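The values are calculated or read from the model by the stated rules, or taken from the named source; none is laboratory data. A quick note: this is a predicted structure, and the numbers were derived from the prediction, not measured. In this analysis, Cβ positions are derived from the backbone assuming ideal geometry, glycine residues included, and neighbour counts consider all displayed protein chains. Protein only, heavy atoms only, side chains kept; ligands, DNA and RNA dropped before computing areas. Shrake-Rupley method; radii C 1.70, N 1.55, O 1.52, S 1.80 Å.
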Amino acid sequence: SHFDRLLEAVVGAHKVASTPIPFPYTQLLSWLVNVFIGTMPLAVAGAYAGGESAESALSPITIISVCFTSIMIALALLGINETAAELEAPFGFDPNDIPLGRLGEGMEVDIAVLLRGRAFAKALVTSRTKGAAAV
């Protein structure tokens, strides 16, 4: 029934909220990303040089290309790492967290419709919007 599905969803959300990611795992990933970003320009420079002489490998266009490529890859990896840090704790009051308050209010209105009818739910929403406007 609907109540069973709701209960399963609440239990699943509780599991997500209460399962921590091990701190050593997070530290290791951050360390590996930083090591990779630090050593990546060497590999990119070798790929751009392609076995050419040292003079052509140090040409301004090659240096600019290596810097641009390295910066873009570093930004992508750091962005993925930051996204993972945001997804680690999806419940709370940060701007990127799941809006549990709004979801709860919507669920309350839906339950009011089921139990007492649409007129009561409409009055509930109207009283909430007036209260929010007064604040």
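Think of the chain as having a plus end and a minus end, set by charges on the Cβ of Lys, Arg, Asp and Glu; of ILE71, ALA121, ASN96, ALA121 sits farthest toward the positive end of this dipole.
Ligands, DNA and RNA left out, the accessible area of the chain computed with a 1.4 Å probe is 70% carbon and sulfur.
About the Cα centre of the chain, what is the dipole size in debye to 20, counting +1 per Lys and Arg Cβ and -1 per Asp and Glu Cβ, all else neutral? Present the calculation step by step, with values, prior to reporting the outcome.
Values: 8 positive and 12 negative charges, 175 e Å.
In debye, rounded to 20, the chain gives about 840.
The GluC sites (Glu not before Pro) of the range 1-81 that meet both conditions, a loop assignment by DSSP and at most 15 other Cβ atoms within 10 Å of the site Cβ, are GLU52. Using θ = phi - 60° in the Karplus curve 6.51 cos²θ - 1.76 cosθ + 1.60, the 3J(HN,Hα) couplings for the range 37-50 round to 5, x, 9, 4, x, 5, 5, 5, 5, x, 5, 6, 5, x Hz; x is entered for Gly and Pro.
Applying the Karplus relation 6.51 cos²θ - 1.76 cosθ + 1.60 with θ = phi - 60° to the range 109-118 yields 3J(HN,Hα) values of 5, 4, 5, 5, 5, 5, 8, 10, x, 5 Hz, where x marks Gly and Pro.
Using the heavy atoms of the protein chains and a 1.4 angstrom probe, tell me the accessible area per residue for the chain in square angstrom.
Working: 10630 Å² over 135 residues.
For the chain, the per-residue accessible area is 79 Å².
With the Cα gyration tensor of the chain in hand, convert its eigenvalues to equivalent ellipsoid semi-axes via √(5λ) and list them largest first in whole Å. Mind showing how you got there, number by number?
On the way: eigenvalues 587, 73, 29 Å².
Largest first, the chain gives 54, 19, 12 Å.
Sequence-distant contacts, meaning Cα pairs under 8 Å at least 6 residues apart, place the relative contact order of the chain at 16 percent.
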